[in-house]
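J.: One structure, as structure tokens, below. Some questions next.
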Amino acid sequence: MENYVGKVAVITGSSAGIGATISKELVKRGMKVVGLARRLERLEDLKKQLSNESGQFYSLQCDIRNEKEILNAFEWVEKNLGGVDVLVNNAGLMQITTLSDGDIEKWKTVLDTNVLGLCIATREAVKSMKKRAVSGHIIHINSLAGHRVVPQVASTFNVYFASKFAVRALAETLRFELAHSKLKIKVCNISPGYVEHTEFLIAGGATEIPEFVKNASYLIPENIAEAVVYVLSTPPNVDVSD
Ligand SMILES: NC(=O)c1ccc[n+]([C@@H]2O[C@H](COP(=O)([O-])OP(=O)(O)OC[C@H]3O[C@@H](n4cnc5c(N)ncnc54)[C@H](OP(=O)(O)O)[C@@H]3O)[C@@H](O)[C@H]2O)c1
């Protein structure tokens, strides 16, 4: 990852789970990481934990469902750090309800966070990379849920699968769009299966661990952070798209 030492990564959903762990890993490897999330106190804790590492962590409160807050965050990065080299679109969630009798506010929360928030953050990162003609990297933390509907949770995950299928299509569409504009920005979709040691189920309103998750060994956030590091370590002639 030598090319990215001292460069700037924006990571959405940096206050917990996978996003917090990716943030730690990139700071340890010398990057300037700007962590975005709603829970500022969590970001401040992370900042303290990382104060002796070779890179730096900056915490910015930002609700990814709010365009103005996203614009403010990217403006801060531009003014204070010069611009964005890497964007990790990690903020995401599931909200337990159904499709057949569902709560539209929960559907909207999921779609606004997982799809529209990701699109707005991506747009702002591309603008910044384009302006400075950098060979940037945009990584979407997608899910196996973006490749297939998992029957064991289909009755409670409602629009989550559709939101992650959308993320996969958005990555592919962006890749073509950037190639058409001859921009040297790589786009990668990382799709984990179930990841333990996150707040994903609790944040979604689950009161118990789904049966299929019990008594099995699953991924941990460090595994996903390692995948991000690998993707960022690839030379210019290697493009890991999925
Ligand atoms: N855990 C899994 O099994 C799994 C598997 C595959 C893919 N994924 C994906 O991995 C990503 C991270 O999930 P996780 O498992 O690490 O869950 P998590 O522990 O619940 O973390 C989710 C993160 O997203 C942030 N977030 C949620 N809504 C936000 C909003 N409106 N604005 C800004 N930040 C927001 C949260 O921060 P605040 O609450 O502080 O805002 C938190 O930092 C998601 O995209 C998820 O779909 C998870």
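J.: For the stretch 209-222, enumerate the residues that are part of a helix (DSSP H, G or I), within 11 Å of the ligand (Cβ to nearest atom) and without any contact (Cβ under 8 Å) to a residue 60 or more places away in the chain.
T.: Val213
J.: Also: Could you tell me whether the stretch 173-192 includes any residue that is aromatic (Phe, Trp, Tyr), out of contact with any Asp or Glu (no Cβ under 7 Å at 6 or more places or on another chain) and near the ligand (Cβ under 10 Å from one of its atoms)?
T.: no
J.: Which is free of Cβ contacts under 8 Å to residues at least 24 places away in the same chain and either small (Gly, Ala, Ser) or more than 13 Å from the ligand (Cβ to nearest atom) (or both), of Ala169, Ala206, Ala225?
T.: Answer to the selection: Ala169.
J.: Scanning the stretch 202-214 for residues that are of a type in the set (A, V, I, L, M, F, W, C) and open to solvent by 20 Å² or more (accessible area, probe 1.4 Å), which turns out farthest from Glu105 (Cα to Cα)?
T.: The selected residue is Phe212.
J.: If you don't mind, there's one more thing I want to ask. Which one of these is assigned to a loop (DSSP other than H, G, I, E, B), closer than 23 Å to Leu116 by Cβ and among the hydrophobic types (A, V, I, L, M, F, W, C): Leu183, Leu178, Leu170?
T.: Only one candidate passes the filter, namely Leu183.
J.: A further question on this structure: Quick check on the stretch 203-219. Is at least one of its residues on the phi < 0 side of the Ramachandran plot and touching a strand residue (DSSP E or B) at 6+ places or on another chain (Cβ under 8 Å)?
T.: Scanning the stretch 203-219 turns up at least one residue that is on the phi < 0 side of the Ramachandran plot and touching a strand residue (DSSP E or B) at 6+ places or on another chain (Cβ under 8 Å).
J.: With the structure loaded, tell me whether Lys164 is open to solvent by less than 40 Å² (accessible area, probe 1.4 Å) and either outside any loop (DSSP other than H, G, I, E, B) or more than 18 Å from Ala203 (Cα to Cα) (or both) or whether it fails that test.
T.: The answer is yes for Lys164.
J.: Residues being more than 18 Å from Ile11 (Cα to Cα) and surrounded by fewer than 21 Cβ atoms within 10 Å (Cβ to Cβ): count how many of those fall in the stretch 62-96.
T.: Number satisfying all stated conditions: 1.
J.: Taking the residues in the stretch 135-153 that are under 20 Å from the mean Cα position of the chain (by Cα) and either farther than 23 Å from Glu172 by Cα or in contact (Cβ under 8 Å) with a residue 60 or more places away in the chain (or both) as candidates, determine which candidate is surrounded by the fewest Cβ atoms within 10 Å (Cβ to Cβ).
T.: Result: Ser135.
J.: If you don't mind, there's one more thing I want to ask. Which one of these does Leu99 not meet: (1) hydrophobic (A, V, I, L, M, F, W, C); (2) part of a loop (DSSP other than H, G, I, E, B); (3) more than 10 Å from the ligand (Cβ to nearest atom); (4) crowded, with 17+ Cβ neighbours inside 10 Å?
T.: (4)
J.: Inside the stretch 102-150, can you point out the residues that are at pLDDT 95 or above, away from the ligand (no atom under 14 Å from the Cβ), outside any helix (DSSP H, G or I) and among the charged types (D, E, K, R)?
T.: Selection gives Arg132 alone.
J.: Please go through the stretch 54-75 and pick out each residue that is assigned to a helix (DSSP H, G or I), without any contact (Cβ under 8 Å) to a residue 40 or more places away in the chain and within 16 Å of the ligand (Cβ to nearest atom). Give the steps one after another, and end with the answer.
T.: First, the residues of the stretch 54-75 that are assigned to a helix (DSSP H, G or I): 67-75.
Filter once more, so that each one left must be without any contact (Cβ under 8 Å) to a residue 40 or more places away in the chain: 68-69, 72, 75.
If the condition is that a residue be assigned to a helix (DSSP H, G or I), without any contact (Cβ under 8 Å) to a residue 40 or more places away in the chain and within 16 Å of the ligand (Cβ to nearest atom), then Lys68, Glu69, Asn72 are the ones that fit.
The values are calculated or read from the model by the stated rules, or taken from the named source; none is laboratory data. Remember, predicted model here, so these are calculated numbers, not experimental data. In this analysis, Cβ positions are derived from the backbone assuming ideal geometry, glycine residues included, and neighbour counts consider all displayed protein chains. Keep in mind that these areas ignore ligands, DNA and RNA; they rest on the heavy atoms of the full protein, side chains included. Shrake-Rupley method; radii C 1.70, N 1.55, O 1.52, S 1.80 Å.
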